[in-house]
1. Tell me the strands (runs of 3 or more DSSP E) entirely within the stretch 337-453 that contain at least 3 residues that are over 30 Å from W75 (Cβ atoms).
2. Six or more apart or on different chains, Cβ under 9 Å: which pairs go from a residue in the stretch 75-95 that's loosely packed, with under 15 Cβ neighbours inside 10 Å to one that's aromatic (F, W, Y) and at pLDDT 95 or above? Could you list them?
3. Can you find even one residue in the stretch 155-172 that is within 16 Å of the ligand (Cβ to nearest atom) and not assigned by TED's automatic domain parsing to the domain that holds D34?
4. In the stretch 114-162, what count of residues is obtained for those that are open to solvent by 70 Å² or more (accessible area, probe 1.4 Å) and touching a residue at least 60 places away in the same chain (Cβ under 8 Å)?
5. If a residue must be touching a Gly at 6+ places or on another chain (Cβ under 8 Å) and either surrounded by 17 or more Cβ atoms within 10 Å (Cβ to Cβ) or in a helix (DSSP H, G or I) (or both), how many such residues does the stretch 45-61 contain?
6. Just for the stretch 13-33: of the residues that are aromatic (F, W, Y) and free of Cβ contacts under 8 Å to residues at least 24 places away in the same chain, which one is nearest to the ligand (Cβ to nearest atom)?
7. Are any of the residues in the stretch 23-34 of a type in the set (F, W, Y) and in a loop (DSSP other than H, G, I, E, B)?
8. Does T382 qualify as being within 12 Å of the ligand (Cβ to nearest atom), among the hydroxyl-bearing types (S, T, Y) and in the same structural domain as K43 (by TED's automatic domain parsing)?
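The values are calculated or read from the model by the stated rules, or taken from the named source; none is laboratory data. Only a predicted model underlies this, so the values are computations on that prediction, with no experimental measurement involved. Positions of Cβ are backbone-derived with ideal geometry, glycine not excepted, and every protein chain shown enters the neighbour counts. In case anyone asks, the SASA skips ligands and DNA or RNA and just uses the protein heavy atoms, side chains included. Shrake-Rupley method; radii C 1.70, N 1.55, O 1.52, S 1.80 Å.
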Amino acid sequence: MSEDVFKKIVSHCKEYGFVFQSSEIYDGLSAVYDYGQMGVELKNNLKKYWWDSMVLLHENVVGIDSAIFMHPTIWKASGHVDAFNDPLIDNKDSKKRYRADVLIEDHLAKIDDKINKEVEKAAKRFGESFDEAMFRQTNPRVLENQTKRDEIHARFAKALNDSNLEELRQIILDCEIVDPISGTRNWTDVRQFNLMFATEMGSTADGAMKVYLRPETAQGIFVNFLNVQKTGRMKIPFGIAQIGKAFRNEIVARQFIFRMREFEQMEMQFFVRPGEELDWFAKWKEARMNWHKSLGFGDHKYRFHDHDKLAHYANAATDIEFEMPFGFKEVEGIHSRTDFDLSSHEKYSGKKLQYFDPELNKSYTPYVIETSIGVDRMFLSTISAAYAEEELEGGETRVVLRLPAALAPIKLAVLPLVKKDGLPEKAREIIDNLKFDFKCQYDEKDSIGKRYRRQDAIGTPYCVTVDHQTLEDNTVTIRYRDSMTQERVAIDKLSDIISDKVSMKNLLKTIR
Ligand code: GAP
């Protein structure tokens, strides 16, 4: 896929009521978006798919919904006040600000592209007999680029780990990275910038307390760890899941809903015995990848990316990346967070956050595996994977969202062939019977062909057409989105045919 397709997806999202720019009539607010009438349905279905996979399928995972505002000391304890920073650099000519790490990552990606193009060219030239591994090990141009890449990458990883801002700048200079706008290399020093939004709580300026909009939902889980454990009589290992808004003052906010300033997270903290965390990390890694793959978009669209730089709280971390139209990008992070957060909250709050393990007959601070996925990124990956432009017979084209039926905003469209002769009334009667089971839409405007196209474009898996025969024998034509085939079925069979295929239960059952 290409940037071109990405632009089409963005305009498709707007045209069909999935995603709008926030405050659009005031020219928008950068990196903030609203979900429209179709978008909210898809988003809710994604959240349900995640929530049910956590709290229905795991007896030992429960959910909470904690507040966005929390005591400010929480962010001191979590390390966000001191360490939740991005390294920023300005170009003196364009006056534009960039993340230094992103400039270097983009540069590395360009070298990867060069290598991959060389490999692709050779694969075409040699055909069946092509040995890619051998080619990568011996081709001088590939080797030269790979060595260059590895050197930069090693310097970059070390600079990040050491928080060495001067070295980050030096890498940018040594790699001759230019500002895409001014085309110059006139860079400032690299500085740290905290990503948390702050506001004031309380009525008077003097008495007001500085509070933050949470940059992750996880801390709401940590500070409620004992509340849930005690009131729910939870035994380790157990998990707490939460879906909610998070806020980050992102500097490089780009690529539509990929990087937003207000977004939503689905996080689960899994509390385990110290020493068992890496086994659980491996288990959750596999479980989460299976959850993604069960959507059926193709296993090749996902990969793990293990972290070079571990966050201040982690002893292992990986990302699940998805092939977005602009390349493989992080959708979910899985982290082994040790006992960092609970221990730190113990220290700052002065309250014990330990668990008494009846099997071991001792108390300890549990270790934590976290799975953290952005709803909006999941939304973007889903729409990108589902979006297809197809040539039909007779030279016509259609845009179709091949969404898994359980995620589709509308499950069934009911279309009277004409707006008279009692057909609209019959169509409404069908909807009135089925609307308790799943989301239906009535549409009588334009030709039937146009109405099918509209439903394809929002991913509706089933359309039924009510015609004159319906009035005689209570049958309708059902049309399937993906194959575009049609068949005649009895109205009283519709619920059975559709309910099963659109049910979340059946999607959840496919998780390996
Ligand atoms: N509690 C751990 C944590 O917050 P993270 O890697 O910073 O880890 C987790 O974020 C997930 O949240 C990411 O994988 C991504 O899907 C989503 N996310 C993070 N920042 C985002 C942003 N600015 N816009 C949209 N989604 C974001």
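1. Values: elements: 355-357, 362-364, 367-374, 387-391, 397-401, 412-416, 440-442.
Those strands (runs of 3 or more DSSP E) span 387-391, 397-401, 412-416, 440-442.
2. K76/Y348; K92/W187
3. Of all residues in the stretch 155-172, those within 16 Å of the ligand (Cβ to nearest atom) come to 160.
Remaining after also requiring not assigned by TED's automatic domain parsing to the domain that holds D34: 160.
Scanning the stretch 155-172, I find at least one residue that is within 16 Å of the ligand (Cβ to nearest atom) and not assigned by TED's automatic domain parsing to the domain that holds D34, so the answer is yes.
4. 1
5. Here the count works out to 4.
6. By that ranking, first place goes to F20.
7. So in the stretch 23-34, the residues of a type in the set (F, W, Y) come out as 26, 33.
Now narrow it down to the ones that are in a loop (DSSP other than H, G, I, E, B): none.
Within the stretch 23-34 (the criterion being of a type in the set (F, W, Y) and in a loop (DSSP other than H, G, I, E, B)), the answer is no, since none of the residues qualifies.
8. Details: within 12 Å of the ligand (Cβ to nearest atom): no; among the hydroxyl-bearing types (S, T, Y): yes; in the same structural domain as K43 (by TED's automatic domain parsing): yes.
When the stated conditions are applied, T382 does not pass them.
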